[in-house]
Amino acid sequence: MFRRKKAKRPIINREQAMGMVPVRNDHVAEERVDGALRLVYEATVRPWFAGPAEKLGLWDGKPMTKRVELDEMGLFVWKRIDGHHSVRDIATEFRERYGVLQDEAELSVASFIKMLGERGIIGVRQDEADKAPDTATQDTATPDTTTSDMNASDSDNPA
């Protein structure tokens, strides 16, 4: 009855999505554990959860820490998220490294990048080369596309 309307996300086509450039969140830390890489980031607490959790003593008000452990392929992609390589560039390198078809590489890389974006680990911006000529000279920055939805597979550790 009194639901908030969700903000509409811009609709982009596949070609535009592949031209986006993933950018790391500066607040994400890296941990090396037994040769694997683990990304550590703060999770935002949803308002509906904060009140009851504090009253029950389940949360002290400090940001919650989440961790995501990367496998070999995830690490390969993570190393290329540097603010310069587009999703397409990363997918092409992924295809060459793992010997998969370009469509499979694009789907795998895009899905992984989407998951990182949903957790706020990365943002994406439009590649300067892919911008239309009339928008390339504007001073307005394209906002990063990130959300904070958490997945049950992450480990919850209060900070």
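Hey, can you tell me all the residues within the range 7-27 that are of a type in the set (Val, Ile, Thr) and part of a loop (DSSP other than H, G, I, E, B)? Let's see the steps before the verdict.
As a first pass, look at the range 7-27 and keep what is of a type in the set (Val, Ile, Thr): 11-12, 21, 23.
Passing the criteria: 11, 12.
Can you name the residue in the range 64-73 that is surrounded by 14 or more Cβ atoms within 10 Å (Cβ to Cβ) and either among the aliphatic types (A, V, I, L, M) or part of a loop (DSSP other than H, G, I, E, B) (or both) and, of all such residues, is nearest to the chain's Cα centre (by Cα)? Among residues in the range 64-73 that are surrounded by 14 or more Cβ atoms within 10 Å (Cβ to Cβ) and either among the aliphatic types (A, V, I, L, M) or part of a loop (DSSP other than H, G, I, E, B) (or both), the one nearest to the chain's Cα centre (by Cα) is 68. Residue pairs whose Cβ atoms lie under 6 Å apart, separated by 6 or more positions or on different chains, with the first residue in the range 28-48 and in a loop (DSSP other than H, G, I, E, B) and the second modelled with pLDDT of 85 or more, are 28/39; 28/41; 28/121. Of the numbered criteria (1) over 25 Å from residue 125 (Cβ atoms); (2) assigned to a strand (DSSP E or B), the one residue 58 fails is (2). For the range 51-62, taking the residues that are exposed (fewer than 13 other Cβ atoms within 10 Å of the Cβ) and touching a residue at least 12 places away in the same chain (Cβ under 8 Å), the one that is nearest to the chain's Cα centre (by Cα) is identified as 62.
Consider the range 99-119 and keep the residues that are among the charged types (D, E, K, R), assigned to a helix (DSSP H, G or I) and touching a residue at least 24 places away in the same chain (Cβ under 8 Å). The one that is nearest to residue 72 (Cα to Cα) is 106. Scanning the range 74-97 for residues that are touching a helix residue (DSSP H, G or I) at 6+ places or on another chain (Cβ under 7 Å) and either exposed (fewer than 14 other Cβ atoms within 10 Å of the Cβ) or among the hydrophobic types (A, V, I, L, M, F, W, C) (or both) yields a total of 7.
Among the residues of the range 3-53, those identified as over 21 Å from residue 110 (Cβ atoms) and touching an Asp or Glu at 6+ places or on another chain (Cβ under 8 Å) are 27, 33, 36, 38, 40, 43.
The values are calculated or read from the model by the stated rules, or taken from the named source; none is laboratory data. Since this is a predicted model, take the numbers as computed values, not measurements. Methodologically, a virtual Cβ is constructed for each residue, glycine included, from the backbone with ideal geometry; neighbour enumeration extends over all protein chains shown.
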